[in-house]
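One structure is given below, encoded as structure tokens.
Taken together, the values in this text are just the output of simple stated rules run on the coordinates, not laboratory data. It should be emphasised that the depicted structure is a prediction, and the values quoted were computed from it without experimental measurement. Positions of Cβ are backbone-derived with ideal geometry, glycine not excepted, and every protein chain shown enters the neighbour counts.
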Amino acid sequence: MMDDPLSQLRDWHLPAAVAWWPPAPGWWLLTLLLLAGLAAALIWWRRARHSPRAADRAAAALAREELTALRRAFEQDRNAQAFAAGVSRILRRLALRRFARGQVAGLTGQAWLAFLDQTGGTDCFCSGAGRLLTELAYSGTAPDACDADAVLACAEIWIRAGEVA
């Protein structure tokens, strides 16, 4: 008797499911590229956030906010001496961030105003409204003699000049 060759065949079956691990080489490459891009973006972000320019911009923005608050306080209490001392204190703090301590810390009076004019590229401190910073600090001048808007304009010019440099 002749054996039937078809009887020896096995029934049809599905191939094994494709395993998700290990991934194909293209997925490995894509993962490496994504990780390298993420690392580069993180490095760039940290450098940009901690750069001296970014810190100076943040300090300048904070100085502007403090000047605005000082302006509001002057409008309420009309204390010209406190206003002038506050503006000078804010500018000095920013100057200490931008310049060497020995160059800024000991300056008072006309020398301080001359420094502000020199570093700000202006003359509004020695011969303009900015001179009120030293005149009002120790005098009993009436609040009406204080042109707060002009003093703040001088301060803004100085702050902006430091951001560009």
Check the range 34-53 and report whether any residue there is of a type outside the set (Asp, Glu) and closer than 26 Å to Val151 by Cα.
yes
Restricting attention to the range 87-103, the residues that are without any contact (Cβ under 8 Å) to a residue 24 or more places away in the chain, under 22 Å from the mean Cα position of the chain (by Cα) and part of a helix (DSSP H, G or I) number exactly 4
When only residues in the range 105-118 that are in a helix (DSSP H, G or I) and touching a Phe, Trp or Tyr at 6+ places or on another chain (Cβ under 7 Å) count, which is nearest to Cys146 (Cα to Cα)?
Leu113
